[in-house]
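Remarks on the structure that follows.
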Amino acid sequence: MPEASPSSRQVRVLLVEDHDMVAEAISLALERSGDLTVVGRVATVAAALADAERAKPDVVVMDRRLPDGDGVAAIADVLALLPDARVLVLAGEGSASVAARVAESGGAGLILKESGLSELEDAVRRVAAGEVVFGQDLLAGVLERLTGRTPGVGANLTPRERQVLQLLAEGRTTAEISEELGVALNTGRNHVQRVLEKLQARSQLEAVVIARREGLVT
């Protein structure tokens, strides 16, 4: 375990993670590191925003999926309160699309939950020092998407189709989607079919799986 020297700058960390066992393990690992201090631990986006100014973290480690919203979508709100902070997103799975969203939102990196705690500690130090942290398997895709060379999966979905996709992700049936949109059942079916075609999905379930992987739904 690295020992912090008296002159070492402590990196202040706000942890936003709703799974207690995961949050506890991360907190203990960061606190044991010697140079990382957990100044706050919360479980929702709302609590993170409420606690941000009090905690004054250097780094916000935030789960991508939280009970009250998408951690990636919350990056801008966090940075509006803490313009000098760095946001590192934790994700159960990653794709170039999600990583690109993190970068576009002002995030400093994305690290998978399957990574070791030592990797997470290193990532926190690196983003605190001004670096960006994306796995090598994601970085090339992030750069391509940010430079416009590779359109993201679902980039051609219309706003209405994105709404349909979100409703599918919520478990709505085609009939319920049609009622929600105020359209005839056949029109609702057509919307769903176009979503499946654009995502190259063979079923509604596969469409939702793809959408969650690519960060298209919350």
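The table below lists the values:
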item: Condition broken by Asn186, with the remaining ones in (1) in contact (Cβ under 8 Å) with a residue 60 or more places away in the chain; (2) part of a helix (DSSP H, G or I) satisfied; result: (1)
item: Residue that is nearest to the chain's Cα centre (by Cα) [pool: residues in segment 50-65 that are within 28 Å of Ala96 (Cβ to Cβ) and open to solvent by 20 Å² or more (accessible area, probe 1.4 Å)]; result: Arg65
item: Qualifying residue in segment 53-60 (condition: among the acidic types (Asp, Glu), under 23 Å from Leu216 (Cα atoms) and at pLDDT below 90); result: no
item: Single residue of Leu36, Leu14 found to be touching a Gly at 6+ places or on another chain (Cβ under 7 Å) and open to solvent by less than 20 Å² (accessible area, probe 1.4 Å); result: Leu14
item: Pairs with Cβ under 7 Å, 6+ apart, first in segment 30-57 and more than 14 Å from Leu79 (Cα to Cα) and without any contact (Cβ under 8 Å) to a residue 40 or more places away in the chain, second open to solvent by less than 30 Å² (accessible area, probe 1.4 Å) and assigned to a loop (DSSP other than H, G, I, E, B); result: Val39/Pro57; Gly40/Pro57; Ala43/Glu17
item: Residue count, segment 105-154 (criterion: part of a helix (DSSP H, G or I), at pLDDT below 85 and either touching a helix residue (DSSP H, G or I) at 6+ places or on another chain (Cβ under 7 Å) or open to solvent by less than 30 Å² (accessible area, probe 1.4 Å) (or both)); result: 5
item: Every residue from segment 15-29 that is touching a residue at least 60 places away in the same chain (Cβ under 8 Å) and of a type outside the set (A, V, I, L, M); result: Glu17
item: Count of segment 53-68 residues which are closer than 12 Å to Val39 by Cβ and in contact with a Gly (Cβ under 8 Å, 6 or more places away or on another chain); result: 3
item: Residues located in segment 155-186, provided they are loosely packed, with under 13 Cβ neighbours inside 10 Å, under 18 Å from Glu197 (Cα atoms) and aliphatic (A, V, I, L, M); result: Ala155
item: Members of segment 189-204 found to be within 30 Å of the chain's Cα centre (by Cα) and in a helix (DSSP H, G or I), listed by number; result: His191, Val192, Gln193, Arg194, Val195, Leu196, Glu197, Lys198, Leu199, Gln204
item: Test: residue in segment 69-76 that is more than 24 Å from Leu36 (Cα to Cα) and part of a strand (DSSP E or B); result: yes
item: Considering residues of segment 77-92 that are under 10 Å from the mean Cα position of the chain (by Cα) and more than 12 Å from Val16 (Cβ to Cβ) only, the residue least open to solvent (accessible area, probe 1.4 Å); result: Ala91
item: Residue under evaluation Ala80, criteria (1) outside any helix (DSSP H, G or I); (2) at pLDDT 85 or above; (3) over 30 Å from Thr187 (Cα atoms), criterion not met; result: (1)
item: Qualifying residue in segment 191-211 (condition: surrounded by 15 or more Cβ atoms within 10 Å (Cβ to Cβ) and without any contact (Cβ under 8 Å) to a residue 12 or more places away in the chain); result: yes
item: Test: residue in segment 197-206 that is modelled with pLDDT under 90 and either in contact with a strand residue (DSSP E or B) (Cβ under 9 Å, 6 or more places away or on another chain) or under 27 Å from Val16 (Cα atoms) (or both); result: no
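The values are calculated or read from the model by the stated rules, or taken from the named source; none is laboratory data. The shown structure was predicted, so the numbers you read here are calculated from the model rather than taken from an experiment. All Cβ positions, even for glycine, are placed from backbone atoms using ideal geometry, and neighbour counts span all protein chains on display. The protein model used for the area step is the full one, side chains on, heavy atoms only, and it has no ligands, DNA or RNA in it. Shrake-Rupley method; radii C 1.70, N 1.55, O 1.52, S 1.80 Å.
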